[in-house]
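Have a look at the structure below, then the notes.
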Amino acid sequence: MINLENNDLYDLHEVLKVENLTFNDYEEICKRLNRRPNRTELGMFGVMWSEHCCYRNSKPLLSKFPTKGKSVLVGPGENAGVINVGNNQKLVFKIESHNHPSAIEPFQGAATGVGGILRDIFTMGARPIAVLNSLRFGNLEKTSNVDLLRGVVSGIAHYGNCVGVPTIGGEIDFDDSYSGNPLVNVMALGLLETDEIVCSGAENVGSPVLYVGNTTGRDGVGGASFASSELTSASLDDRPAVQVGDPFIEKSLIEACLDAFKTGDVIAAQDMGAAGLTCSSAEMAANGKLGISIDLDLVPSREDNMSSYQYLLSESQERMLFVVKKEKINNLIKKFNKWGLYANVIGEVIEKNEVIISHNGKIVAQIPTSALSDDTPVNVHNILNNPPDYLLKKWEWKESNLPEINNQKILSLKEKKHFSYSQIILKLLSNPSIASKRWIYKQYDSQVQSNTIFKPGESDAAVIRLREQNEKNKNKVFAGVAASVDCNSRWVYLDPFRGTIAAVAESARNVSCVGAEPLAITNNLNFPSPETEIGYWQLSSSCDGISEACKMLETPVTGGNVSLYNESKSKDNEITPINPTPVIGMVGKIDNVQKAISSEWKNINDQIWLIGSYNSEISLAATSYLEYFHGEITGRPPKIDLLDEKFCQSFLRNAILNNFVVSSHDISDGGLAIALSECCILSSKGATIELNKNLNRDDNLLFAEGGSRIIFSIDNKKEKEWLDYLKKTQLNAKSSVYLKKIGYVSSETLEITIQKKNICNIRVEELTEKFNNSISGYL
């Protein structure tokens, strides 16, 4: 037992458990302070040394990422990444997770996830222009997963719609591994409105520290530590660790902050997100290599008798911390009061490198800045030298293990019945992971701000017009930004390295499919516990995959988020880890947004072409077909040749910008047959496809994944010009890349023949019914 300054006693073992600190951490804290910490200080160290704030398990792995590039202005370390998108415009973007809060309070957990990522954007001086999300849930046969889905979607819709930022795209997947631990990742984009990027480092000793926004309550206390631990059957007891958001206050805060930033009177700004006032004050001081003094008696509160611990660890929403020019303080306070927001001076920048906190007239915490933020603990883990045995066994799977095809029918290993190819296509289209997500995105306002080019689901990547502020020339050609979030977690589970390379490649491919050049990524690394050998090996291998793919595709990492301990523990202490899910948020630029294209066929008789790589493997291993039709999650995901991948994307972009390609869609989940079906469904037009027989099985031709493949359509009126264009390109010199015409757009039916033999004939109406009504059927 330790006797504190205020004569309170606490049980060290219990306190360390609550704060997710080890005894080694405690000894290190004592060493850094040259004394024993009091209870409030232990709470501050607990949140600042959590995985959520200091990346204590992942920091060595993140250092491998390429972070510099021709477009990168601000990389990892600030609230969000910033890239140059030309025309004197700067794009700010980042992705964050709110997984654990959403698991126990889905509506508020998801809503405040949106609010938090928006603050990361406008803290930099940017107006939020778009939101995307990447969601994972357990199978919808379980009512608890349906309830989580409803709550999360409602929370995202509520906050985004009310705050006036369009939700323009995303992805969603369903798997049993997420049943106890859903994933809610939100990506936001913003366009810089200030002349200078607003950073977080405090400057000028004596400068006032200004608290702005909402009041502070007890909601969200210890949220950062909560996010850095596993979910158990007792996690419902942690409901107070979930924040409560108010999007209308956030809207006022956006306008007030951007107005304040434009004056140049704000020296530094920091969102009070994870770890609240503790993190924002400590990081501002550390980034400015100065100290900060805070008086908690001056903090606006919504509850009585709050302790210093609660003030410092509260994660109440819609709050910001500024360092401002002393002579301008009154003008800034008036600006925030005009918007109905609190604006209180609660401290000042000091010369001594310490974070000093006072409450009720007494100093309750006095910590060297470097002790909290610099050289934070790093947990050392051994990395497996070889893949685990269970994966090596899965990698032995071969396509010859599948039943033989008889009379164009194949036996489902899952249902022990024979199905035709048409029946298999309809079966895959109705699987919730492949089916239309219309029920979800119809709840989001995707058109607010009037810059959204394609509605969700219409194109491979979302596209936003970059309208200049105060633009008066209505005839101006506008540039645009494309964004996509992607991860095939089945592939990552079966091979973290190859699977993550594929996630980066697919996100870039989706951006290229609308005509935009991929520029940079943000990532959200959702993984189970790093304290197991397999968990850390998955994380390490995935980070290696990101590094390799981003270097080859020249899309540097500008920042992101790490969310570990994503696993659920039953009452019987049985742990279920999620599939490792490194979500990649890719952004790209298109100089003329009017040239961006969507996925659906445009005109009857337009030619349908296929581009791909001989060097990028194509296989039924690890596919949706293998899992959803045969009930097997096995095989090694196909290897991607990144040089060919880059070439295919570049070729497609140039063909789009030269006005030949009128639609394009990448081949991913479900293979070629599902990609063709989706283009038919979106356009209400059919397709007549002729495939040549090769050494592969017919189901490989239809449902295999990989190959860096894209299908696209060419305006039928430009056939001669297209063929002339092909003769002038570098395609002929690239022997490892193939380009072939596979069919044409028809009126009402998807018809596929292999070697003159018709194997599929499905009316578009039937495709559409299966695709559109799957998820809504569960709800």
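The residues of the stretch 409-419 that are buried (at least 16 other Cβ atoms within 10 Å of the Cβ) and touching a residue at least 24 places away in the same chain (Cβ under 8 Å), listed by number, are Ile410, Ser412, Phe419.
Among the residues of the stretch 292-306, those identified as open to solvent by 50 Å² or more (accessible area, probe 1.4 Å), over 34 Å from the mean Cα position of the chain (by Cα) and at pLDDT below 95 are Glu303, Asp304, Asn305. The criterion of at least 3 residues that are farther than 23 Å from Thr452 by Cβ and in contact (Cβ under 8 Å) with a residue 40 or more places away in the chain is met by the following strands (runs of 3 or more DSSP E) wholly inside the stretch 470-579: 517-526, 557-563, 567-569, 575-577.
Entry remark, the stretch 274-291: residues being in a loop (DSSP other than H, G, I, E, B) and open to solvent by 20 Å² or more (accessible area, probe 1.4 Å) number 3 in total. Of everything in the stretch 123-135 that is in contact with an Asp or Glu (Cβ under 9 Å, 6 or more places away or on another chain) and farther than 20 Å from Asp460 by Cβ, the residue that is most open to solvent (accessible area, probe 1.4 Å) is Arg127. The single condition among (1) in a loop (DSSP other than H, G, I, E, B); (2) out of contact with any Gly (no Cβ under 9 Å at 6 or more places or on another chain); (3) open to solvent by less than 50 Å² (accessible area, probe 1.4 Å) that Ile434 does not satisfy is (2). All told, Gly340 meets the bar of being open to solvent by 40 Å² or more (accessible area, probe 1.4 Å), under 25 Å from Gly115 (Cα atoms) and assigned to a loop (DSSP other than H, G, I, E, B).
For the stretch 708-743, filtering for residues that are aliphatic (A, V, I, L, M), farther than 20 Å from Cys679 by Cα and buried (at least 16 other Cβ atoms within 10 Å of the Cβ) leaves 2. Of the candidates Asn88, Asn84, the single residue that is more than 28 Å from Val152 (Cα to Cα) and at pLDDT below 95 is Asn88.
Entry remark, the stretch 603-612: residues being touching a Lys or Arg at 6+ places or on another chain (Cβ under 8 Å) and open to solvent by less than 30 Å² (accessible area, probe 1.4 Å) number 6 in total. Test Asn386 against the stated conditions and say whether it is at pLDDT 95 or above, more than 22 Å from Val323 (Cα to Cα) and open to solvent by 40 Å² or more (accessible area, probe 1.4 Å). So Asn386 fits the description; yes. Do we find that Tyr311 is under 30 Å from Ala111 (Cβ atoms), within 34 Å of the chain's Cα centre (by Cα), open to solvent by less than 50 Å² (accessible area, probe 1.4 Å) and in contact (Cβ under 8 Å) with a residue 40 or more places away in the chain in this structure? Yes. Restricting Tyr493, Tyr536, Tyr565 to residues that are on the phi > 0 side of the Ramachandran plot and either buried (at least 24 other Cβ atoms within 10 Å of the Cβ) or not acidic (Asp, Glu) (or both) narrows the list to Tyr565. Which of the residues spanning the stretch 170-205 are at pLDDT 95 or above and at positive phi? Hit for the stretch 170-205 is Gly170, nothing else. Looking only at residues that are crowded, with 19+ Cβ neighbours inside 10 Å and small (Gly, Ala, Ser) in the stretch 151-169, which one is farthest from the chain's Cα centre (by Cα)? Among those that are crowded, with 19+ Cβ neighbours inside 10 Å and small (Gly, Ala, Ser), it is Gly151.
Residue pairs, Cβ under 6 Å, 6 or more apart or interchain, first in the stretch 317-330 and touching a residue at least 24 places away in the same chain (Cβ under 8 Å) and open to solvent by less than 70 Å² (accessible area, probe 1.4 Å), second among the hydrophobic types (A, V, I, L, M, F, W, C) and assigned to a helix (DSSP H, G or I). List them. Hits for this filter: Glu318/Ile249; Glu318/Leu253; Val324/Leu332. With respect to the conditions (1) over 30 Å from Leu296 (Cα atoms); (2) touching a residue at least 12 places away in the same chain (Cβ under 8 Å); (3) open to solvent by 10 Å² or more (accessible area, probe 1.4 Å), Asn181 lacks only one, and its number is (3).
Reported count of residues in the stretch 684-709, each being more than 17 Å from His630 (Cα to Cα) and either in contact with a Lys or Arg (Cβ under 9 Å, 6 or more places away or on another chain) or charged (D, E, K, R) (or both), is 8. Within the stretch 397-404, identify whether any single residue is open to solvent by 20 Å² or more (accessible area, probe 1.4 Å), assigned to a helix (DSSP H, G or I), of a type outside the set (Asp, Glu) and within 30 Å of Tyr778 (Cβ to Cβ), and answer yes or no. Looking through the stretch 397-404, none of the residues is open to solvent by 20 Å² or more (accessible area, probe 1.4 Å), assigned to a helix (DSSP H, G or I), of a type outside the set (Asp, Glu) and within 30 Å of Tyr778 (Cβ to Cβ).
Considering (1) modelled with pLDDT under 95; (2) touching a Ser or Thr at 6+ places or on another chain (Cβ under 6 Å); (3) closer than 27 Å to Leu192 by Cα, the lone condition that Trp49 does not fulfil carries the number (3).
Give the residue that is farthest from Leu148 (Cα to Cα), with candidates limited to residues of the stretch 102-130 that are small (Gly, Ala, Ser), assigned to a helix (DSSP H, G or I) and touching a helix residue (DSSP H, G or I) at 6+ places or on another chain (Cβ under 9 Å). Across the stretch 102-130, the extreme among qualifying residues is Gly115. Among the residues of the stretch 578-600, write down those that are within 21 Å of Val131 (Cα to Cα), in contact with a Lys or Arg (Cβ under 8 Å, 6 or more places away or on another chain) and surrounded by fewer than 24 Cβ atoms within 10 Å (Cβ to Cβ). Matches in the stretch 578-600: Val593 only. Is it true that some residue in the stretch 244-267 is at pLDDT below 90, assigned to a loop (DSSP other than H, G, I, E, B) and over 22 Å from His359 (Cβ atoms)? Yes; the residues of the stretch 244-267 include at least one that is at pLDDT below 90, assigned to a loop (DSSP other than H, G, I, E, B) and over 22 Å from His359 (Cβ atoms). Being surrounded by 19 or more Cβ atoms within 10 Å (Cβ to Cβ), of a type outside the set (Val, Ile, Thr) and either in contact with a Pro (Cβ under 7 Å, 6 or more places away or on another chain) or not in a helix (DSSP H, G or I) (or both) is the filter here; which residues of the stretch 24-44 pass it? Scanning the stretch 24-44 gives Asp25, Pro37, Asn38. Against the definition (in contact with a strand residue (DSSP E or B) (Cβ under 9 Å, 6 or more places away or on another chain), of a type outside the set (Val, Ile, Thr) and not in a loop (DSSP other than H, G, I, E, B)), how does Asn161 come out, yes or no? The answer is yes for Asn161. Residue count for the stretch 45-64 under the criterion of being closer than 22 Å to Asp11 by Cβ, not in a helix (DSSP H, G or I) and not polar (S, T, N, Q): the result is 1.
The values are calculated or read from the model by the stated rules, or taken from the named source; none is laboratory data. Keep in mind it's a predicted model, so treat the numbers as computed, not measured. FYI the Cβ positions are ideal-geometry reconstructions off the backbone, even for glycines, and counts take in every protein chain you see. To get the accessible areas, we keep the full protein, side chains included, count just its heavy atoms, and leave off ligands, DNA and RNA. Shrake-Rupley method; radii C 1.70, N 1.55, O 1.52, S 1.80 Å.
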